[in-house]
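See structure below.
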Amino acid sequence: MEMAGEEQRRRWSLQGKTALVTGGTKGIGHAIVGQLAGFGAIIHTCVRDESQLNECLSEWKKKGFQVTGSVCDVSSWTEREKLMKTVSSIFDAKLSILINNVGAVRVMPTTKHTEDDFSFHISTNLESAFHFSQLAHPLLKASGCGNIVFLSSVAGVVSFACSSIYCATKGALNQLARNLACEWASDGIRANAVAPAVIATPLIEAALDDEFKKEMISREPLGRLGRPEEVASLVAFLCMPAASYITGQTICVDGGFTVNGFSYQPQV
C-alpha cells in the first residue's frame, strides 16, 4: 500500500522537474509559475521589465519557491538564443518543461492593420514560441520526458472579434502543438496547447469595457470570466506524469464559450 501511495504522489507531482516559463510575472504566466513551483518544479522565467521581475523573484523566494529569472524581449531572435544558453547552463543542459506563455494583441479591424502590426504579432506570438521550442529541443530530449505547452486562445479555435492576425497566430500555435507532438514523440517529448477565453487579470479587467465583458459572460454557460489559476491548473496537469498519454491536443479553458451555440431559452 505504501508503494502504491508513493506511485500516486509521483504521478501527481513535478518534484525536481525543471521549467522555463516565458512571461511569468503577470496574469496567467504568474499563476503558472506559482502552480508549477507549488508542485515542486524548479523554474526560470523571463520578462522585459527588470523591476517587475525582481519584485516577483522576491515574492517567490518568500514562499520557498525555486525560481530564477532573466530580462528578455522574446520578439528578438538573439535575445531568445541568449536566454536558452542561460537556461541550459542553469539546468545542466536538461529541461523538463517549456511553457510558451508570452502573447500580445493590438485590437483593430483587419483593414486597419499595418505591416508593423503583422510583424509584431508574428514575432511575439508565433515566431518566439517556434524558436524557443526549436532551441529547447535538445534540452527537452536530454531530460528523457519533455513537455511543451503553448498558451493559445479560443481566438485560435473560433472566430473572435479582436484582431485577425492575433487569431491567426493562435491558430498556428495549435497546429504547431500537433506537429511537434508527432515529430518529437520519439524523443520523449509531448506538446499540447491550452486555449483560454478572456481571463480576469488586472490588465484585461482595465482594458475591457463593461459592455464587452457583459457580452463575453452572456456567451459562457458558466456565466463568468475565468481566473488565471484555472488556466494554470491545466498547464500544470499536462506537465505531470499523470498526463503522460495526452499529446497533440488543444484544450479550451473557456467556461463553455467555444461549445455554446444559440443560447435562447424559450419561455415555458
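Brief remarks follow.
- A search for C-beta distances below 7 Å between a residue of the stretch 82-110 that is at negative phi and any residue that is surrounded by fewer than 20 Cβ atoms within 10 Å (Cβ to Cβ) and of a type in the set (D, E, K, R), counting only pairs 6+ apart in sequence or on different chains, returns ARG106/ASP117.
- Test: residue in the stretch 193-210 that is among the charged types (D, E, K, R), in contact with a Gly (Cβ under 7 Å, 6 or more places away or on another chain) and more than 21 Å from THR110 (Cβ to Cβ): no
- Condition check for PHE130: at pLDDT 95 or above, of a type in the set (Phe, Trp, Tyr) and not in a helix (DSSP H, G or I): no
- Selection count, the stretch 111-151, where residues are open to solvent by 60 Å² or more (accessible area, probe 1.4 Å) and closer than 28 Å to TYR245 by Cβ: 5
- Residue, modelled with the highest pLDDT, within the stretch 1-60, restricted to residues that are exposed (fewer than 13 other Cβ atoms within 10 Å of the Cβ) and hydrophobic (A, V, I, L, M, F, W, C): ALA4
- Selection status of ALA200, at pLDDT below 95, open to solvent by 10 Å² or more (accessible area, probe 1.4 Å), in contact with a Leu (Cβ under 8 Å, 6 or more places away or on another chain) and of a type outside the set (D, E, K, R): yes
- The stretch 152-197, subset crowded, with 24+ Cβ neighbours inside 10 Å and β-branched (Val, Ile, Thr), residue farthest from GLU115 (Cα to Cα): VAL194
- Count - residues of the stretch 186-222 that are outside any strand (DSSP E or B) and of a type in the set (A, V, I, L, M, F, W, C): 12
- Inside the stretch 104-138, residues that are of a type in the set (Ser, Thr, Tyr) and either under 25 Å from VAL149 (Cα atoms) or within 21 Å of the chain's Cα centre (by Cα) (or both) make up a count of 5.
- Per-region count, the stretch 122-148, residues touching a Gly at 6+ places or on another chain (Cβ under 9 Å) and closer than 14 Å to ALA168 by Cβ: 3
- One residue from CYS239, CYS252 being open to solvent by less than 70 Å² (accessible area, probe 1.4 Å) and touching a Pro at 6+ places or on another chain (Cβ under 8 Å): CYS252
- Sole exception among (1) closer than 25 Å to CYS162 by Cα; (2) of a type outside the set (Val, Ile, Thr); (3) open to solvent by 10 Å² or more (accessible area, probe 1.4 Å) for GLU81, by number: (1)
- Hits in the stretch 213-226 - residues which are loosely packed, with under 15 Cβ neighbours inside 10 Å, closer than 14 Å to ASP254 by Cβ and basic (Lys, Arg): ARG224
The values are calculated or read from the model by the stated rules, or taken from the named source; none is laboratory data. In this text, all values refer to a predicted model and were calculated from it rather than measured experimentally. Ideal geometry is used to build each Cβ from the backbone, glycine not excepted, and the neighbour counts take in all protein chains shown. Remember, those area values only see protein heavy atoms, side chains included, never the ligands or the DNA or RNA. Shrake-Rupley method; radii C 1.70, N 1.55, O 1.52, S 1.80 Å.
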